[in-house]
Amino acid sequence: MIKNLLFGLLAAIALLMIYIFVLLSKDSWIENDLIIEIKKNSSTSAIIDSLNQHGYLKPSAVFAPIIKIYSIFSGKYIQSGYYRFPADTISNYTFLKGLFSRKFVYSVDVTLVEGMGIAQFADILEKKLEINKKEFLRLSKSDTLLKKYQIRQKSCEGYLAPNTYRFMFRHNSKDILIRLLEEADKNWKTLFSAKSKKIGKTKSEILTMASIIEAEAVLKEELPRIAGVYYNRLQRNMRLEADPTVQFAVGSKHKLTKTDLETVNPYNTYVFSGLPPGPINNPGIKAIEAALSPEEHNYIFFVAAGDGSHNFSVNYQEHLANVVKYRNR
């Protein structure tokens, strides 16, 4: 009798294992890329139910216990976020494995270029990740974040690190902003802080100067020379008269007019002497290096040469001649 019961139990277990194996091996065809959101703190049942709607992991009565048991013994859990499954034939096993390994997490590479402002960063992040642009810009002025990262300006402008990042689709705006701040903060502490203290300049002064020369330069090799021009002007008590600061002051990109140059705004370096109150964009590493180590020379003027480079001059007469050359070109 006991042998019969034992045999029956083993046979039932064997049949169950075969049944589970068949279910795991079952293929489903995804005609188009499938994007599924698993919300934060979702229960296993809720996750299974949402996947069932797309034909995966059925029946839930079998797969829910499998997921729970696997999570207990492996210590791995299905994390919240967006998952992207490519158009293909995928088995339930591959589907399940991809959930736990995060192979199918919907992540996007986002490139934020040197010299871009926060508003441009927000535009790119909104387009690539579908984040809330207004929320991102609001957070960039958060008193809490400004205090935490010791930013004495009214926003995080200049304190975000341009780079190529990988973010989860529709990632939290605050987490994205913090990552950009952390990257910039790490760069400053490891690459620039010591030199800044050595030459007696504050972080704000260096980042502000770096943002101006970043906006002026087309060729990276000219960054130190342009930095030298602006430092020469400051040493001679000249106004910087940097066009990008006026563009920042008037808030739009267009050919500057006489009225623009006369705009009374603390960021307008045609009207106010010295550096503006803060950075006008988010400079890259090369621009910050140039602000810390400008080229030593006697140039105080420069004008575009028409090919991305600039012509530099030591006096106004030379400068006017270079301007004529540029206009003729």
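Using only alpha-carbon positions, what ratio does the radius of gyration of region 113-193 give when scaled by 2.2 N^0.38 Å? The partial results should precede the final answer.
Numbers: Rg = 12.0 Å, N = 81, 2.2 N^0.38 = 11.7 Å.
Dividing the Cα Rg of region 113-193 by 2.2 N^0.38 Å gives 1.03.
In the P(r) worked out for the chain, what percent of Cα pairs fall beyond 28 Å?
On the way: 30620 of 53956 pairs.
More than 28 Å apart: 57 percent of the Cα pairs in the chain.
So how much slack lies between Asp175 and Asp143, counting 0.36 nm per residue of separation and subtracting their Cα-Cα distance, in nm?
Values: separation 32, 0.36 × 32 = 11.52 nm, distance 1.59 nm.
Taking 0.36 nm per residue and subtracting the Cα distance, the gain is 9.9 nm.
Only helices enter the 222 nm calculation for the chain: every DSSP H run of n ≥ 4 contributes -39,500 (n - 2.57), and dividing by all residues gives -15000 deg cm²/dmol, rounded to 500. Ordered by the count of other Cβ atoms within 10 Å of each Cβ, fewest first, Phe169, Phe100 give Phe100, Phe169.
Determine the alpha carbon to alpha carbon distance for each of Lys134/Lys197; Lys258/Lys325; Lys133/Lys189 and list only those over 27 Å. Walk me through the numbers before you get to the answer.
Working: Lys134/Lys197 36 Å; Lys258/Lys325 22 Å; Lys133/Lys189 29 Å.
Beyond 27 Å between Cα atoms: Lys134/Lys197; Lys133/Lys189.
What FRET efficiency comes out for Ser193 versus Ser309 if R0 is 30 angstrom and r is the Cβ-Cβ distance? Round to the nearest 0.05. If you can, show how the numbers build up before the last one.
Details: r = 32 Å, r/R0 = 1.06.
Between Ser193 and Ser309 the formula returns 0.40.
So how do Leu180, Leu34 line up by other beta-carbon neighbours within 10 Å, fewest first? The partial results should precede the final answer.
Values: Leu180 23, Leu34 19.
The most exposed by this proxy come first: Leu34, Leu180.
Using the beta-carbon distance between Leu219 and Lys76 and R0 = 45 Å, what value does 1/(1 + (r/R0)^6) give for FRET efficiency, to the nearest 0.05? If you can, show how the numbers build up before the last one.
Details: r = 50 Å, r/R0 = 1.10.
Taking R0 as 45 Å, the efficiency between Leu219 and Lys76 is 0.35.
Listed cross-link partners Lys103/Lys148; Lys195/Lys253; Lys39/Lys128; Lys127/Lys174; Lys148/Lys203 are compared with a 23 Å cut-off, the Cα-Cα value being larger for Lys103/Lys148; Lys195/Lys253. Extension gain for the segment Arg152 to Asp33, taken as residue separation times 0.36 nm less the Cα-Cα distance, is 38.3 nm to one decimal.
Positive contributions from Lys and Arg (+1) and negative ones from Asp and Glu (-1), summed over other residues with Cβ under 10 Å from the Cβ of Arg170, come out at -2. Note on Lys97/Asn132: beta-carbon distance plugged into 1/(1 + (r/R0)^6) with R0 of 41 Å gives a FRET efficiency of 0.80.
What is the order of Met17, Met209, Met116, fewest Cβ neighbours within 10 Å to most? Don't jump to the answer; show the numbers that get you there.
Numbers: Met17 10, Met209 28, Met116 20.
Neighbour counts put them in this order, fewest first: Met17, Met116, Met209.
Percent of alpha carbon pairs in region 213-329 separated by more than 20 Å? When all Cα pairs of region 213-329 are counted, 43 percent exceed 20 Å. Using a cut-off of 9 Å between beta-carbons, work out the net charge of the residues near Asn281 (Lys and Arg +1, Asp and Glu -1, Asn281 not included). So the surrounding residues net to -3.
Counting Lys and Arg as +1 and Asp and Glu as -1 over every other residue whose Cβ lies under 15 Å from the Cβ of Arg152, the net charge comes to +2. Listed by chain and number, the aspartates and glutamates whose alpha-carbon sits under 15 Å from that of Lys198, ignoring those within fewer than 8 places in the same chain, are Glu289.
Only the coordinates and a few stated rules stand behind these numbers; no lab work does. The structure displayed is predicted, hence computed values, not measured ones. For neighbour counting, all protein chains shown are included, and Cβ atoms are generated from backbone atoms with ideal geometry for every residue, glycine included.
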